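Enquirer: Pasting a structure here, questions to come.
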Amino acid sequence: MLPSSVVDLADDLHLALETSDLAARLALAHFESGVSATLKADGTPVTEADRAVERLFRETLSAARPADALLGEEFGRRGESDRVWIIDPVDGTSFFSRHDPNWRVQLALEVAGRTEIAVVTAPALRRCWWATRGGGSFESSWPREDARVMRLEVSTTSTVAEARLQALDVSSRARRPPDGWHAPASPLPLVELVRGEVDAFLVERYHIWDHAPWILLVQEAGGRFTDRTGGMGGDQGGGLYSNANLHGQLLTALGYPTRP
């Protein structure tokens with residue numbers, strides 16, 4: 001008999017996948033009908049699709065897990081449970097509003113401060129990625145019915161001189177090793193990382209709903225993540241994602257703090 005924690009995680013993954021499918025279909029309907037973005041107080045774009053999709057997530061998850069807390073980009077936190085569903089209803093709103101397909105619907109379940117489940121769906125690209133702690137990272141076409149599932153693994157590159165290093169911002173690309181960091185060639189650099197197509201991605205900004213699912217997806221593909229404080233939190237404004245072989249070398253080169 002499987003331990004109850006494994007059974008519970010399987011149930012939570014099923015809920016996460018099913019709810020993400022509903023949210024992805026709603027987001028795709030908005031995308032195909034055309035939307036325009038307005039600016040929030042913090043200067044970031046938002047559309048009615050962002051709000052509608054987050055409401056769907058909240059209503060569905062609350063009905064299925066009424067004791068769990070929710071944290072979303074558009075409507076903040078509700079509840080104080082140590083089980084928190086973290087919602088990014090449309091990650092890449094600027095892409096979405098320009099009718100560029102490179103946007104995602106993201107969901108993660110964090111338990112006692114650690115991400116246990118991650119689901120990222122790119123409905124306009126017809127792709128989906130998911131992971132459970134201890135269960136691996138996977139990719140398939142979307143919708144997933146009868147789809148071929150691919151297990152994800154990061155690269156095995158072990159020297160910085162041979163590494164394919166990407167960094168989001170100009171300031172990050174100026175970091176050490178000199179001339180080593182390049183702008184992402186793809187709008188989805190973390191997808192490239194978990195597929196083993198690049199070796200590291202440095203992103204020193206954004207919020208927990210941007211990072212939470214990808215931290216687990218990278219870890220379960222054999223990679224590592226370290227935030228700017230030397231920890232592994234998605235709420236510290238980003239950090240370094242890389243394969244396991246390079247991670248220590250890159251942390252030293254970047255001057256990131258280390259924790260015992």
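Enquirer: Pairs, please: C-beta under 9 Å, at least 6 apart or cross-chain, first residue basic (Lys, Arg) and in the stretch 79-101, second part of a loop (DSSP other than H, G, I, E, B)?
Expert: Arg83/Arg65; Arg83/Ala67; Arg83/Asp68; Arg83/Ala112; Arg98/Ala37
Enquirer: Give the number of residues within the stretch 135-172 that are in contact (Cβ under 8 Å) with a residue 40 or more places away in the chain and on the phi > 0 side of the Ramachandran plot.
Expert: Adding up the residues that qualify gives 1.
Enquirer: If I filter the stretch 155-189 down to residues being of a type in the set (Asp, Glu) and in a loop (DSSP other than H, G, I, E, B), which single residue comes out as modelled with the lowest pLDDT? Reasoning before the result, please.
Expert: Quick first cut of the stretch 155-189, residues of a type in the set (Asp, Glu) only: 162, 169, 179.
In the following step, the residues that additionally are in a loop (DSSP other than H, G, I, E, B) were identified as 169, 179.
Details: Asp169: 87, Asp179: 64.
The qualifying residue modelled with the lowest pLDDT is Asp179.
Enquirer: OK, next. Yes or no: the stretch 196-207 includes at least one residue that is under 18 Å from the mean Cα position of the chain (by Cα), free of Cβ contacts under 8 Å to residues at least 40 places away in the same chain, closer than 19 Å to Glu116 by Cβ and assigned to a strand (DSSP E or B). Even if it seems obvious, please write down each step before you answer.
Expert: The first filter runs over the stretch 196-207 and keeps only residues under 18 Å from the mean Cα position of the chain (by Cα), leaving 196-207.
Among the residues that remain, those that are also free of Cβ contacts under 8 Å to residues at least 40 places away in the same chain are: 203-206.
Applying the additional criterion that residues be closer than 19 Å to Glu116 by Cβ yields none.
The answer is no, given that none of the residues of the stretch 196-207 is under 18 Å from the mean Cα position of the chain (by Cα), free of Cβ contacts under 8 Å to residues at least 40 places away in the same chain, closer than 19 Å to Glu116 by Cβ and assigned to a strand (DSSP E or B).
Enquirer: Identify, please: which residue in the stretch 215-260 is charged (D, E, K, R) and assigned to a loop (DSSP other than H, G, I, E, B) and is, among those, farthest from Arg205 (Cα to Cα)?
Expert: Taking the stretch 215-260 first, the residues charged (D, E, K, R) are 220, 224, 227-228, 235, 259.
Restricting the remaining residues to those that are assigned to a loop (DSSP other than H, G, I, E, B) gives 228, 235, 259.
Values: Arg228: 10, Asp235: 10, Arg259: 21 Å.
That would be Arg259.
Enquirer: From the list Ser81, Ser62, which residue is closer than 17 Å to Leu13 by Cα and outside any strand (DSSP E or B)? Outline the logic, then answer.
Expert: Values: Ser81 fails: closer than 17 Å to Leu13 by Cα.
Just one listed residue meets the conditions, Ser62.
Enquirer: Scanning the stretch 110-133 for residues that are assigned to a loop (DSSP other than H, G, I, E, B) and touching a residue at least 24 places away in the same chain (Cβ under 8 Å), which turns out surrounded by the most Cβ atoms within 10 Å (Cβ to Cβ)? Can you show your working first?
Expert: Taking the stretch 110-133 and keeping what is assigned to a loop (DSSP other than H, G, I, E, B), we get 112-113, 123-126, 133.
So of that shortlist, the ones also touching a residue at least 24 places away in the same chain (Cβ under 8 Å) come out as 112-113, 123-125, 133.
Working: Ala112: 8, Gly113: 11, Pro123: 24, Ala124: 20, Leu125: 16, Arg133: 16.
That would be Pro123.
Enquirer: Further question: Do the conditions hold for Asp227, that is, is it among the acidic types (Asp, Glu), under 24 Å from Trp129 (Cα atoms) and either out of contact with any helix residue (DSSP H, G or I) (no Cβ under 7 Å at 6 or more places or on another chain) or not assigned by TED's automatic domain parsing to the domain that holds Leu188 (or both)? Steps first, answer last, please.
Expert: Numbers: among the acidic types (Asp, Glu): yes; under 24 Å from Trp129 (Cα atoms): yes; either out of contact with any helix residue (DSSP H, G or I) (no Cβ under 7 Å at 6 or more places or on another chain) or not assigned by TED's automatic domain parsing to the domain that holds Leu188 (or both): yes.
So Asp227 fits the description; yes.
Enquirer: Okay, moving on. Kindly indicate whether Val105 is surrounded by fewer than 24 Cβ atoms within 10 Å (Cβ to Cβ) and hydrophobic (A, V, I, L, M, F, W, C).
Expert: No, not satisfied.
Table: residues versus (1) farther than 24 Å from Arg144 by Cβ; (2) in a helix (DSSP H, G or I); (3) outside the structural domain of Gln106 (by TED's automatic domain parsing); (4) of a type in the set (Asp, Glu).
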residue	(1), (2), (3), (4)
Glu18	no, yes, no, yes
Asp21	no, yes, no, yes
Leu26	no, yes, no, no
Ala41	yes, no, no, no
Ala49	no, yes, no, no
Glu54	no, yes, no, yes
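Enquirer: For the stretch 84-100, give me the residue count where each residue is outside any strand (DSSP E or B) and surrounded by 16 or more Cβ atoms within 10 Å (Cβ to Cβ).
Expert: The first filter runs over the stretch 84-100 and keeps only residues outside any strand (DSSP E or B), leaving 92-100.
Now drop any that are not surrounded by 16 or more Cβ atoms within 10 Å (Cβ to Cβ), which leaves 92-93, 95-97.
Adding up the residues that qualify gives 5.
The values are calculated or read from the model by the stated rules, or taken from the named source; none is laboratory data. These figures come from a predicted structure and were not determined experimentally. A quick note on method: Cβ atoms are made from the backbone with ideal geometry, for glycine too, and the neighbour counts reach across all protein chains shown.
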